[in-house]
Amino acid sequence: SKKQTWMKKQTMEHYQSWIGKIISSDKDLVALVFYGTEESKNPRNSFKHVYVYHDLSEPGAKRVQEVDALRGEKGAKLAAETIGSGETSLGDALWCCANLYSDIKLRLSHKRLMIFTCRDEPHGGDSVKDRQARTKASDLKETGVVIDLMHLMKPGGFDISLFFCDIVSPPEDESELGLQLQPSDKLEDLLKRVRAKELKKRALARLNLCLGEGINVAVGIYATAVAARKPGSIKLYRETNEPVRSKTRTFHTQTGSLLLPSEIKKAQYYGGKEIVMERDEVDAIKKFDDPGLFLIGFKPMEKLKLHHHIRPAVFLYPEEDEVKGSSCLFSALLKKCSERNVFALCRFISRRNYPPRFVALLPQNEELDEGKVQITPPGFNVIYLPFADDFRTLDPPQFPSASQTQVDKMKEIVSKLRFKYRSEGFENPVIQQHFRNLEALALDMMAPEEIEDLIMPKVDQIDQRLGPLVQEFKDLVYPAYYNPESKPAAKRKTGQSGAEKKPKVELTEDELKAHVQNNTLVKLTVPVLKDACKQFGVRTTGTKKQELIDALIARLRS
Amino acid sequence: MFSYLSLKAQTCESWLTVVLCMDVGLTMSNSAPGEESSFELAKKVIQKFVQRQVFSETKIELALVLFGTDSTDNPLSQDGQYQNIRVHRHLRIPDCELLIEIENQVQPESKEGDWLDALVVCMDLLHTETKGKKYDCLNIALLTDLNTQTNEESLEVIINNLTQSGITMQFFLPFPVEEDKEGQGDSERRDPGHPGTGKGLSREQKKNMELVKEMMLSLDVEDGLDEIHTFRNAIEELCMFKRVERRPVAWPCQLTIGSSLSIRIVGYKAVTDEKPKKMWITVDAQSHQKDDVKRETVYCLDDDNETEVQKDDIIQGFRYGSDIVPFSKVDQEQMKYKHDGKCFAVLGFTKQSAVIHRHQFMGSQILKIFAARDDEHAGVALSALIRALNELQMVAIVRYAYNRTSNPQVGAAFPCIKQDSECLMYVQLPFMEDLRHFTFPSLENKKFTPSDAQLSAVDSLIDSMMLVEEDENGEQRDLFKPHRIPNPAFQRHFQCLHHRAVSPGTPLPPIEPWLKAALDRPEVITERCQDPLDVLKRKFPLTEVEKKKKLKTSVGSVDPARDFRALIKQKILPFGEVCQQLTHRIEQLLSNKNTQYYMKSITCIQAFREQSLANAEHYNSYLQSLKGSIPNRGLEVFWELLVQGMICLFT
């Protein structure tokens, strides 16, 4: 029965990561193989107790439904009926997988085998079976298959050294973190681990960071935050739902003949003239230099302004394979920049025929969590800096500042609504809805699964937490007649101002004294304050709000 | 002129009107050996100025009046008065034509012209040509060396007239108005060496200078002498094409906290990745007409006949694993995520520093959020929020939606307090889907750990390359400010457009030296870091890893023509076999019915022909069979392109 629960979990997990897979990369081939089963099902049926639930192919809607069927109570029953549980031979399972790989006629760029288990001694100490499994594993690894272990914590601890250390692929590099060496005690963590591994780490570009004449550090540029979009649509023929191909042609309007690239030029219209360039001139104009990073100098970190932002950052990591010694110099640079709290200012040309941008290289030290799993990798974050053209000239409206009492009240509000922000905390409702819709259509569901809009303010909760604070704040800043919800009054037309002016608010001496006592004079508008000054014969030299208030307070307190 | 335009262009409700009045007379051509003459400098000022106006498409009308000309052509010339003054161009929007005229027709001439007379002609021109139209910004820019005899009696009348008609004046001279004034606050600037100043001013120049000063001080302007510029400084400032300017658009909304607290706000884009205003259009190479070129996209089924499908018969589908799920636009619209539109709602507040990562800023802009204009109460309420956040070092996490049709975002609103204004700065933050958690090998590795000597080499490099330093007065000086540099892409773009407009048929010019210099390491730093760099180079051995160059053994698919040539050259494989490999690739390429693949096949065939000169047997037989198969395979389009592309090669 223990095996049964494990099975259930395993399937569920697989199912979930599978859904993720369909969404992230639909071109991958995936197979699902159970081992230690009662029933056997595999090509040529040469292995007992190995059940190929899904052959190696692109996952589709049907498969998702089939795995879905194995979930829950009902699923467990179904699993028990169809596959059952029996003797374990990991060697046979691996062999079977090897066959699955070799049966594929396509050339696979990357082959990975993930073993999900909670048993560190799958053969219960049967050394023959252990040896068989080791041999098969090394065969597989020789053909380029990477074997990962996705193991759950078991009572007494999962001991990799007992058996699995010989099965799994060694880390790519001796410096690579042993990500899979620590068992996980939570299913979610494991899932995260599966997901994290799914993402292909691919450099946008490999180029040189030039510190000076002949000092080139090879670096790779990685995009670590990219706005996710709905995946592109495919055009289909309405009658048959088969994909159509598009053909784009450029031709001469009059003769109808196709135009070769050399028969086309590019133009822009300025000052009454069409200015014409060759196509390669248009590219040449954008070329300033070859791609690369060129160090200009260093600046203290506080010189990087928060609002100097024009596009998401990228990440820089050394490429030892391109220039030997890069990692060492890069590491020294990183260490010193971080220690001295400075950033490196560079000129950056990201690819051929791209004009330069200036960037700030911000040092980022490696961080690990308690489980020794890397949270932030070591390297430089590359912040794009704006040019003069990227700033817009604004004419900021001028207002009096709030008084300390008002600010303090707002501080109470802010503190009540304090939460710990996590960058993974918000899903994009637009994309989530789209995927749910697709899923519903693909799996013939009645309606798409509901999404939770995480970026919607939880208004009731907020109101409840704030309680009377909102009204107290409003009393401090807004006069009774003021309604911020109302549409702003239509702009007054010049010349008719008299009729439309706000009714004059006359204050009695008591009201004014109350304002002084409660520190609420700031709530009043400048004209009202001026009138009050006149009314009480207060002479002021200044016309600024604070000066009027100060004068009134001085008079009424005396 | 630089400051004038950038200041006035925004306050000018109607069109800005400028008369450029340039002295082309005899003395303007004088120059010390190795120096540019006043004429050349003044012409550059005019050229750069007009250039800026043409390419920034400002609302401006321009006239050009020349004096000191051999001929006379102006409405006031009569009875020997107002001689040697020529109205070259009447008030009009500046265009490329004017640029060409300045380039070719504004040349040094040999007479003397009275600058005060020329000024009267300009005033008359402004008066008659702006009559009945609404103009609030009238300006005359006078460029001269002041080396002429002048009839000073008219000065008072002219000043009165200028004041009455609200015309402002600017002077551009070869020398500064006062020696000491020019140097002020410009200590950083290299000595420009104004021509003429070395030898001292002539008697006329001194006398005229007094007149200029008198005029500028009696006009109703704050500091009249500030509008007297030198040619060199003007060129320096005009060098840059005007930065791309866009009028900020207000976005009125309400900042909400919960259901019952709202503050009326207005948002503006403050920083954004500015793109060029105009796109390149495709024109026919011969006629230069865009109407002669048409691009068309057709859809066809993936069958042998490539059956064409009408646009109306196409629906959208999306991949769901190996399946493609048809999803009509109507259904998409109906099922998609919908929201209530415009909003700026606080989700909560969080600590600024530790949580919000700079490198996780998303989007391409920063919004500045102010209280609604003319709403003092909103001003106070927002100020309370800004100050509270600032004191607590916190930010608001908000939901932001520009309008009903745009996708909502999550972002952070930072408090920003400046001397004269307070605002919130909004920046978009990532969604969970946007983040890619890559892991990289640790650099804490024995192989890569730098030694103490290496670390100290890096230390001294940083010391020598600090761009921010304190001067003797303890004030910070920043040697390199990217945000002050105009986008070089735009500068280069307009430089090339200008060149092509003025000198068609000549190759594009190199990047201007000032621009190259602006993008480079400051000279001081270059000098200072030389030694530390040398040390660094010694301490850190860097060796480029030799990529094992695999000898080509077959014609690949990436660049078959190149591989083919390489293999022929290697002479390892028999010629026939290499040809067979190439034709195999060509056939593969032709199975994709797409112009790009056609073009690639054509380059292959060209390479094939070029390598077959000694032995044409394979080439001829392949081409024969290819030609024969064209109708069956529906490759007529390809064949047409091939014939066009190779027409000169066929014998």
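In order along region B:397-411, the Karplus-derived 3J(HN,Hα) couplings, from 6.51 cos²θ - 1.76 cosθ + 1.60 at θ = phi - 60°, round to 9, 10, 9, 10, 10, 5, 7, 5, 8, 9, 6, x, 10, 10, x Hz, and Gly and Pro are given as x.
How would A:LYS77, B:LYS351 line up from fewest to most surrounding beta-carbon atoms within 10 angstrom?
Numbers: A:LYS77 12, B:LYS351 15.
Neighbour counts put them in this order, fewest first: A:LYS77, B:LYS351.
Viscosity 0.890 mPa s, temperature 25 °C: Stokes-Einstein D of region B:21-70 from its Kirkwood Cα radius, in µm² per second? Spell out each step's value before the answer.
On the way: Rh = 12.3 Å.
In µm²/s, the coefficient is 200.
In chain B, the inverse of the mean reciprocal separation of distinct Cα atoms equals 32.7 Å; this is its Kirkwood hydrodynamic radius. Computed from Cα positions, the angle between helix B:452-464 and the longest principal axis of chain B comes to roughly 40 degrees.
Give me the angle, in degrees from 0 to 90, between the Cα long axis of helix B:488-502 and the longest principal axis of the Cα atoms of chain B, rounded to the nearest 10. Tilt of helix B:488-502: around 80 degrees.
What whole number of Å gives the distance from the Cα centroid of region B:302-378 to the Cα centroid of region A:283-302? Rounded to whole Å, the Cα centres lie 32 Å apart. Comparing region A:196-271 with the 2.2 N^0.38 Å rule of thumb, its C-alpha radius of gyration ratio is 2.01 (two decimals). Computed from the alpha carbon atoms alone, the convex hull of region B:566-650 holds 89 Å³ per residue.
How do B:TYR299, A:TYR481 line up, fewest other C-beta atoms within 10 Å first?
Working: B:TYR299 19, A:TYR481 9.
Going from least to most buried by this count: A:TYR481, B:TYR299.
Treating the Cα atoms of region B:249-437 as identical point scatterers in vacuum, please give the log10 of the normalised Debye intensity I(q)/I(0) at q = 0.14 Å⁻¹, two decimals. Debye intensities relative to I(0), on a log10 scale: -0.92. Applying 1/(1 + (r/R0)^6) with R0 = 41 Å to the Cβ-Cβ distance of B:LYS571 and B:GLN624 gives a FRET efficiency near 0.95. Taking the inverse of the mean reciprocal distance over all distinct Cα pairs, the Kirkwood hydrodynamic radius of region B:496-651 comes to 20.4 Å. Peptide A:469-479 is shielded by partner chain Cβ atoms: per residue, an average of 4 of them sit within 10 Å of its Cβ.
Once R0 is set to 51 Å, what does the formula 1/(1 + (r/R0)^6) return for the Cβ-Cβ distance between A:THR525 and B:LYS207, expressed as a FRET efficiency to the nearest 0.05? Intermediate results must be reported in sequence, preceding the final value.
On the way: r = 58 Å, r/R0 = 1.14.
Efficiency, rounded to the nearest 0.05: 0.30.
Label sites at A:SER161 and A:GLU449, each approximated as a point 7 angstrom past Cα along Cα to Cβ, lie 4.1 nm apart. Averaged over the residues of A:283-293, the number of partner chain Cβ atoms lying within 10 Å of the residue Cβ comes to 3.
Among the listed pairs B:LYS311/B:LYS593; A:LYS336/A:LYS411; A:LYS111/B:LYS275; A:LYS201/A:LYS324; A:LYS545/B:LYS342, which are separated by more than 31 Å between their Cα atoms?
Values: B:LYS311/B:LYS593 19 Å; A:LYS336/A:LYS411 38 Å; A:LYS111/B:LYS275 43 Å; A:LYS201/A:LYS324 21 Å; A:LYS545/B:LYS342 33 Å.
As for pairs spanning more than 31 Å Cα to Cα, those are A:LYS336/A:LYS411; A:LYS111/B:LYS275; A:LYS545/B:LYS342.
Relative to the longest principal axis of the Cα atoms of chain B, the long axis of helix B:636-646 lies at roughly 60 degrees. Along region B:165-177 the Karplus relation, 6.51 cos²θ - 1.76 cosθ + 1.60 evaluated at θ = phi - 60°, assigns HN-Hα couplings of 8, x, 8, 9, 10, 9, 10, 10, 10, x, 10, x, 5 Hz to successive residues, with x for each Gly and Pro.
For region A:73-145, pairs of C-alpha atoms spaced more than 15 angstrom apart make up 64 percent of the total.
Scaled to the compact-protein estimate 2.2 N^0.38 Å, what is the alpha-carbon radius of gyration of the protein assembly as shown, rounded to two decimal places? Walk me through the numbers before you get to the answer.
Details: Rg = 37.6 Å, N = 1209, 2.2 N^0.38 = 32.6 Å.
After normalising by residue count via 2.2 N^0.38 Å, the value is 1.15.
Counting charges near A:ALA218 (Lys, Arg +1; Asp, Glu -1) among other residues having Cβ under 11 Å from its Cβ returns a value of -3.
Descending by average beta-carbon neighbour count within 10 Å, the peptides A:445-457, B:144-156 line up as B:144-156, A:445-457, the highest first. Remark: spin-label model distance B:GLN596-A:ARG245 equals 1.3 nm, labels positioned 7 Å along the Cα→Cβ axis. Under the simplified labelling scheme, the A:ALA205-A:ASP55 pair shows an inter-label distance of 4.5 nm, with each label point 7 Å from Cα along Cα→Cβ. For the peptide A:251-259, the mean number of other protein chain Cβ atoms found within 10 angstrom of a residue's Cβ is 5.
Shape index of region A:328-376: Rg/Rh, with Rg the Cα radius of gyration and Rh the Kirkwood radius from the inverse mean 1/r over Cα pairs, equals 1.13.
Just so you know, all these numbers are worked out from the coordinates, no wet-lab data involved. All figures in this text were calculated on a predicted structure; none of them were measured in a lab. Heads up, the Cβs are rebuilt from the backbone with ideal geometry, glycines too, and the neighbour counts pull from every protein chain shown.
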